[in-house]
Amino acid sequence: MKQRTLLFVKPDGVRRGLIGEIIGRIERKGLRIVAMKMLRFTPELARKHYEEHVSKPFYPALEEFVLSGPVVAMVVEGDDVIELTRAMMGKTRHTEAAPGTIRGDFAFSTTENLIHGSDSPARAEIEIANFFTDAEIVG
Ligand code: DAT
Ligand code: MG
């Protein structure tokens, strides 16, 4: 089923020069990037985007990290793209992410784990609207 998802390269990925590596994997997989921009999180956007995690003990460190530098956000389209990009990302914890995945190949921290991807169609719709207006989805 054709779907859209919200992905972003996190500040560690931008700092480490891995924007191209990560976007390249998405392109080489044959997925379609239909919107993209570099931006900085605000505390408000962080609380909105990570609403399910705001009350968790790791939230302060997570917010500090996502505010620590620019991110590159994109809307990506493809068949079952949510499940597919979650598989390409690898598991959340750096110790569990399998080699061959983005996190498995490059992440050495659970907080700084390089990439975000929506985890359900309902979340994808909310997250895309948090980052992009309809007019910015041009692909
Ligand atoms: P994912 O990014 O794989 O969807 P998530 O939604 O459970 O994972 O958590 C969002 C981010 O919060 C995750 O990418 C890194 C951070 N995080 C999650 N669990 C954590 C933990 N136990 N300790 C530190 N950071 C954590
Ligand atoms: Mg998540």
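Read-outs throughout are calculated quantities, based only on the coordinates presented, and are distinct from any laboratory measurement. Quick caveat, the model's predicted, so the values are computed rather than measured. Note that each Cβ is placed from the backbone with ideal geometry, even for glycine, and that neighbours are counted across all protein chains shown.
Numbers below:
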quantity	calculated
Verdict on residue 35 being more than 11 Å from ligand 1 (Cβ to nearest atom), in contact (Cβ under 8 Å) with a residue 12 or more places away in the chain and buried (at least 19 other Cβ atoms within 10 Å of the Cβ)	yes
Pair list, Cβ < 6 Å and 6+ apart or interchain, from the range 95-110 residues that are of a type in the set (Ser, Thr, Tyr) to residues that are near ligand 1 (Cβ under 10 Å from one of its atoms) and assigned to a loop (DSSP other than H, G, I, E, B)	101/90; 109/94; 110/93; 110/94
Residues being in a loop (DSSP other than H, G, I, E, B) and either surrounded by fewer than 16 Cβ atoms within 10 Å (Cβ to Cβ) or within 14 Å of ligand 2 (Cβ to nearest atom) (or both) - total across the range 38-69	10
Residue list for the range 121-136, filter: in a loop (DSSP other than H, G, I, E, B) and either without any contact (Cβ under 8 Å) to a residue 40 or more places away in the chain or surrounded by fewer than 15 Cβ atoms within 10 Å (Cβ to Cβ) (or both)	133
Lone unmet requirement of (1) buried (at least 22 other Cβ atoms within 10 Å of the Cβ); (2) touching a Gly at 6+ places or on another chain (Cβ under 6 Å); (3) small (Gly, Ala, Ser) for residue 118	(2)
Of all residues in the range 85-136 being in contact with a Leu (Cβ under 7 Å, 6 or more places away or on another chain) and of a type in the set (Val, Ile, Thr), the one that is farthest from residue 6 (Cα to Cα)	111
Residue under evaluation residue 92, criteria (1) surrounded by fewer than 19 Cβ atoms within 10 Å (Cβ to Cβ); (2) in a loop (DSSP other than H, G, I, E, B); (3) over 12 Å from the mean Cα position of the chain (by Cα); (4) not charged (D, E, K, R), criterion not met	(3)
Any hit, the range 62-80, residues being in contact with an Asp or Glu (Cβ under 9 Å, 6 or more places away or on another chain) and farther than 21 Å from residue 47 by Cβ	yes
